[in-house]
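Structure record follows, encoded as structure tokens.
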Amino acid sequence: MQLDSVVTSIIEQFIERSERGKAKYGVDLDRTDLSLLEWIEHAKQEHMDAILYLEKIKQVISGKDKVD
């Protein structure tokens, strides 16, 4: 089965992100030094960033982007 180009692109991006993270932090998601609550906090912070990015995109699309 051949994956479509969007799925292939996302898989490649995940692999690149994993490699960058391992190079930058020296660990990957197989690490065992974080508690479940710490993993939850990491996920929460990432989702908060995503919401900010979505709001920025929404403002740009709607023409309400603030430019200094």
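The table below lists the values:
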read-out	value
Filter result for ASP33 (at pLDDT below 95 and either among the acidic types (Asp, Glu) or surrounded by 10 or more Cβ atoms within 10 Å (Cβ to Cβ) (or both))	no
Single unsatisfied condition, ASP49 versus (1) modelled with pLDDT of 95 or more; (2) assigned to a loop (DSSP other than H, G, I, E, B)	(2)
Condition met for VAL7 (of a type in the set (A, V, I, L, M) and at pLDDT 95 or above)	yes
Leading residue by the ranking (farthest from HIS42 (Cα to Cα)) among those in segment 2-30 that are of a type in the set (Gly, Ala, Ser) and in a helix (DSSP H, G or I)	SER5
Test result for VAL60, surrounded by fewer than 10 Cβ atoms within 10 Å (Cβ to Cβ) and part of a helix (DSSP H, G or I)	no
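The values are calculated or read from the model by the stated rules, or taken from the named source; none is laboratory data. Bear in mind that the values here come from a model prediction, so they are computed numbers and not experimental data. Because the Cβ atoms are built from the backbone with ideal geometry, glycine has one as well, and the counts that use them run over all protein chains shown.
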